[in-house]
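Structure, as structure tokens:
The values are calculated or read from the model by the stated rules, or taken from the named source; none is laboratory data. On a predicted model such as this, the values are computed, not experimentally measured, just so you know. Virtual Cβ from ideal backbone geometry, glycine too; neighbours counted across all protein chains shown. Note: areas computed on protein heavy atoms with side chains; ligands, DNA, RNA excluded. Shrake-Rupley method; radii C 1.70, N 1.55, O 1.52, S 1.80 Å.
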Amino acid sequence: DQQVKQNSPSLSVQEGRISILNCDYTNSMFDYFLWYKKYPAEGPTFLISISSIKDKNEDGRFTVFLNKSAKHLSLHIVPSQPGDSAVYFCAASGTGNQFYFGTGTSLTVIP
Amino acid sequence: DTGVSQNPRHKITKRGQNVTFRCDPISEHNRLYWYRQTLGQGPEFLTYFQNEAQLEKSRLLSDRFSAERPKGSFSTLEIQRTEQGDSAMYLCASRLQGGMNTEAFFGQGTRLTVV
């Protein structure tokens, strides 16, 4: 059962515009959420996280929003840059144990 | 510390052979995870260790798979009698698990191809 879902396999955005990547989860016990970025043939790289006690966390160009009632989180990248082109994975965990990952969204930022 | 290190980066093996992968986590991290990733999928959990204790195993981890973390430092993942369906990227991650949630850091992965 897929407890974390990323329903958009791909997204294309013009350089300088906002990229919005979405993620839904089903398990209400999840209390920690993360976004990872992955280039081909490399391991995922941590980007940003948010605890369930918050609804927003910002780090430079990256902001994660959490809507617990909707079981939805999103990653905003502003402004988008060509170097942001990668696959982005949403992940969630509960009680500090394993992470559950979505299937990823491939972001292409067009120069 | 340069991060999580995995060896080898690539492994090609014949079906039926045994393979072993190694993961060296970030030194102060007490949690170590193994994940598997196939094309078009996100990382799938296999198992994790708290120090040297293996605390959870996924049902994906058949009896052909075994993982160890003998001294709570590096870990090995062995696959016996490999099958073509074992072809995947095997990812190791480590994390410092204490009172607060923390992120996990991944290694570069080991790409296994079973021919």
State the number of residues belonging to segment B:10-48 that are open to solvent by 30 Å² or more (accessible area, probe 1.4 Å), more than 28 Å from A:Q6 (Cα to Cα) and of a type outside the set (D, E). 11
Condition test on B:G85, is it among the small types (G, A, S) and over 21 Å from B:V114 (Cβ atoms)? no
Under the condition of being at pLDDT 95 or above, farther than 18 Å from A:G60 by Cα and surrounded by 22 or more Cβ atoms within 10 Å (Cβ to Cβ), which residue from segment A:87-99 is nearest to the other protein chains (Cβ to nearest Cβ)? A:F89
For segment B:50-58, state whether one or more residues are touching a residue at least 40 places away in the same chain (Cβ under 8 Å), within 14 Å of chain A (Cβ to nearest Cβ), farther than 18 Å from B:T110 by Cβ and more than 11 Å from the chain's Cα centre (by Cα). yes
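Quick grid of which residues meet (1) on the phi < 0 side of the Ramachandran plot; (2) out of contact with any Lys or Arg (no Cβ under 8 Å at 6 or more places or on another chain); (3) modelled with pLDDT under 95:
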site: A:P40; (1), (2), (3): yes, yes, yes
site: A:G60; (1), (2), (3): no, yes, no
site: A:K71; (1), (2), (3): no, yes, no
site: A:S85; (1), (2), (3): yes, yes, no
Can you name the residue in segment B:92-108 that is farther than 16 Å from A:F89 by Cα and not hydrophobic (A, V, I, L, M, F, W, C) and, of all such residues, is surrounded by the most Cβ atoms within 10 Å (Cβ to Cβ)? B:S94
Name the pairs whose Cβ atoms lie under 8 Å apart, with the first residue in segment B:8-26 and closer than 25 Å to B:Q50 by Cβ, the second open to solvent by 90 Å² or more (accessible area, probe 1.4 Å), and 6 or more positions between them or separate chains? B:I26/B:D1
Criterion (within 20 Å of A:T103 (Cα to Cα), hydroxyl-bearing (S, T, Y), at pLDDT 95 or above and out of contact with any Cys (no Cβ under 9 Å at 6 or more places or on another chain)) met by exactly one of A:S19, A:S28: A:S19
Considering segment A:41-57 alone, what residues qualify as being touching a strand residue (DSSP E or B) at 6+ places or on another chain (Cβ under 8 Å) and open to solvent by 50 Å² or more (accessible area, probe 1.4 Å)? A:A41, A:T45, A:F46, A:K54, A:D55, A:K56
